[in-house]
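Undergrad: I'd like to ask some things about the structure below.
The values are calculated or read from the model by the stated rules, or taken from the named source; none is laboratory data. All values derive from a computational prediction rather than experimental measurement. Cβ placement follows ideal geometry from the backbone for every residue including glycine, while neighbour counts extend to all protein chains displayed. Accessible surface areas use protein heavy atoms only, side chains included; no ligands, DNA or RNA. Shrake-Rupley method; radii C 1.70, N 1.55, O 1.52, S 1.80 Å.
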Amino acid sequence: MWTGLFLLLVIFALIISRDLWAGLFEILLGRGPRPVPQAAVDWESECPAGVHLALTPSGVALLAYPTSGDRPDGSPGVPTASIALVSGGTYSTRLSRPGSPVGVAFRPPDLSGTGTAPAEAEWVVVLARSWDEAPGQPGERAVAVAPGGGERDIYALPGAVVTVARGWFDGAGFIVGFYFAGVASPAQGLIVAVGDAGQELWSRVVDSLPVHRVAVRSGVPFVAAATPNTLALLDARGNLLWSKTIRGGISDIALQSHGGPAVVAGGKLFVYDRRGNLLWKKTGAAMVSVACAAKRIAVAGPDGVMVYDEDGLEKWSLACPSPALDVELDWEAGLVAVVLDSGRLVVARAPGLPETSGAWSPYRSGEGGAEACEGPG
């Protein structure tokens with residue numbers, strides 16, 4: 001009897017260590033693993049290199065991407081960024097502004113309990129621009145660009161460059177990453193929470209390397225930040241809850257509904273709780289990007305996208321004709337947007353979700369005076 005119990009424990013240990021829960025019941029019933037349901041493609045379009053991406057539940061994508069700042073003679077000029085909305089595969093180019101894009105977002109839904117619906121017309125693009133107000137103190141400042149073309153300065157640290165930004169964080173207007181290269185002082189990668197009036201609410205040094213990823217989420221009072229080697233989780237007041245060194249190089253992070261981060265590092269997916277305990281991991285094909293929304297986790301790799309629930313069970317997938325470079329979910333986790341290395345953007349819907357192509361959107365109705373065109377530029 002004891003031998004049988006020991007073997008049973010060994011079997012369950014193998015199931016846990018190899019992430020086999022999804023097929024456990026099929027195995028017990030003598031059946032093979034069931035295929036994962038496939039997403040249905042809504043539309044696809046061209047996609048510029050270096051794009052920053054956000055997506056709404058009605059299938060509208062916000063894109064901000066760098067465009068050439070070179071002068072006609074080929075010499076370097078001021079970097080510029082183009083901002084576009086894409087719906088049904090049709091581009092609506094909105095703005096072109098000096099600066100380099102470091103973050104984009106649609107306004108998330110109101111989670112205060114008032115029932116206010118999100119206004120999809122509200123979006124923000126954060127640009128990094130040269131700091132030129134203080135001679136002898138080179139660096140960059142973060143600037144927010146709104147739908148009507150209005151701009152406002154977010155924050156600047158003389159001598160530091162802007163590395164990443166996220167907007168509409170609960171309790172703060174923006175979270176901005178800065179990096180001091182260590183010329184006049186020790187190298188520092190830090191994040192700053194900035195209020196709506198441009199005031200610093202708090203700041204936190206994360207590492208001596210640049211902060212290249214920041215994850216925030218409406219209604220979730222945590223901030224995750226990552227340098228290539230370090231993952232940190234903070235509360236909404238900037239208190240460091242924990243940090244850890246991640247081997248293999250961190251390529252992307254996102255926040256789950258309970259506040260724990262999901263991390264892609266070394267081509268693997270690691271999912272933590274908000275205390276820093278590893279809940280589960282996936283070690284299949286080399287993964288490069290992760291997104292979280294509702295209670296879903298989407299991860300992109302060479303074969304496309306796999307979507308899990310927060311317990312690690314496979315829910316649905318999207319096979320892609322070329323490797324995926326970036327993935328985003330809308331805030332309801334019904335749609336996924338995927339950037340492919342072939343220069344295409346694909347938007348697909350979860351199995352069973354009605355088509356979004358017929359849904360009303362202000363961008364399809366021509367409101368706002370935008371001019372539709374077939375592609376970027």
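Undergrad: Being assigned to a strand (DSSP E or B), among the hydrophobic types (A, V, I, L, M, F, W, C) and open to solvent by 40 Å² or more (accessible area, probe 1.4 Å), is that true of even one residue in the range 331-351? Explain how you work it out, then say what you get.
TA: The first filter runs over the range 331-351 and keeps only residues assigned to a strand (DSSP E or B), leaving 335-340, 344-349.
Filter once more, keeping what is among the hydrophobic types (A, V, I, L, M, F, W, C): 335-340, 345-348.
From what's left, open to solvent by 40 Å² or more (accessible area, probe 1.4 Å): none.
The answer is no, given that none of the residues of the range 331-351 is assigned to a strand (DSSP E or B), among the hydrophobic types (A, V, I, L, M, F, W, C) and open to solvent by 40 Å² or more (accessible area, probe 1.4 Å).
Undergrad: Within the range 205-217, track down each residue that is of a type in the set (Gly, Ala, Ser) and part of a strand (DSSP E or B).
TA: Ala215
Undergrad: Let me ask another. Restricting attention to the range 128-142, does a residue exist that is open to solvent by less than 30 Å² (accessible area, probe 1.4 Å) and modelled with pLDDT of 95 or more?
TA: So far as the range 128-142 goes, yes, one or more of its residues are open to solvent by less than 30 Å² (accessible area, probe 1.4 Å) and modelled with pLDDT of 95 or more.
Undergrad: Looking only at residues in the range 91-127 that are surrounded by fewer than 16 Cβ atoms within 10 Å (Cβ to Cβ) and among the hydroxyl-bearing types (Ser, Thr, Tyr), which one is modelled with the lowest pLDDT?
TA: The residue in question is Ser112.
Undergrad: A follow-up question, please. Out of (1) open to solvent by 40 Å² or more (accessible area, probe 1.4 Å); (2) within 18 Å of the chain's Cα centre (by Cα); (3) modelled with pLDDT under 95, what's the single condition that is false for Val220?
TA: Evaluating Val220 over (1) open to solvent by 40 Å² or more (accessible area, probe 1.4 Å); (2) within 18 Å of the chain's Cα centre (by Cα); (3) modelled with pLDDT under 95 leaves (1) as the failure.
Undergrad: Run down Gly149, Gly159 and say which single residue is over 24 Å from the mean Cα position of the chain (by Cα) and either more than 18 Å from Pro138 (Cβ to Cβ) or outside any strand (DSSP E or B) (or both).
TA: Every option except Gly159 fails the conditions.
Undergrad: Got at least one residue in the range 162-174 being over 21 Å from Ala54 (Cβ atoms), part of a loop (DSSP other than H, G, I, E, B), open to solvent by 30 Å² or more (accessible area, probe 1.4 Å) and in contact (Cβ under 8 Å) with a residue 24 or more places away in the chain? Steps first, answer last, please.
TA: So the first thing to find is which residues in the range 162-174 are over 21 Å from Ala54 (Cβ atoms), and the list is none.
Checked the range 162-174: no residue is over 21 Å from Ala54 (Cβ atoms), part of a loop (DSSP other than H, G, I, E, B), open to solvent by 30 Å² or more (accessible area, probe 1.4 Å) and in contact (Cβ under 8 Å) with a residue 24 or more places away in the chain.
Undergrad: Might you check whether a residue that is touching a residue at least 60 places away in the same chain (Cβ under 8 Å) and either closer than 19 Å to Ala300 by Cα or in a strand (DSSP E or B) (or both) occurs anywhere in the range 186-204?
TA: So far as the range 186-204 goes, no, none of its residues is touching a residue at least 60 places away in the same chain (Cβ under 8 Å) and either closer than 19 Å to Ala300 by Cα or in a strand (DSSP E or B) (or both).
Undergrad: To continue, here is another question. Within the range 286-311, track down each residue that is of a type in the set (Lys, Arg) and either in a loop (DSSP other than H, G, I, E, B) or surrounded by 24 or more Cβ atoms within 10 Å (Cβ to Cβ) (or both).
TA: Within the range 286-311, Lys295 is the sole residue that qualifies.
Undergrad: Here is a follow-up. Restricting to the range 175-198, name every residue that is open to solvent by 80 Å² or more (accessible area, probe 1.4 Å) and not charged (D, E, K, R).
TA: If the condition is that a residue be open to solvent by 80 Å² or more (accessible area, probe 1.4 Å) and not charged (D, E, K, R), then Val183, Ala184, Pro186, Ala197 are the ones that fit.
Undergrad: How about the range 228-285: which strands (runs of 3 or more DSSP E) wholly inside it have at least 3 residues that are open to solvent by 50 Å² or more (accessible area, probe 1.4 Å) and of a type outside the set (S, T, N, Q)?
TA: Qualifying strands (runs of 3 or more DSSP E): 240-245, 278-282.
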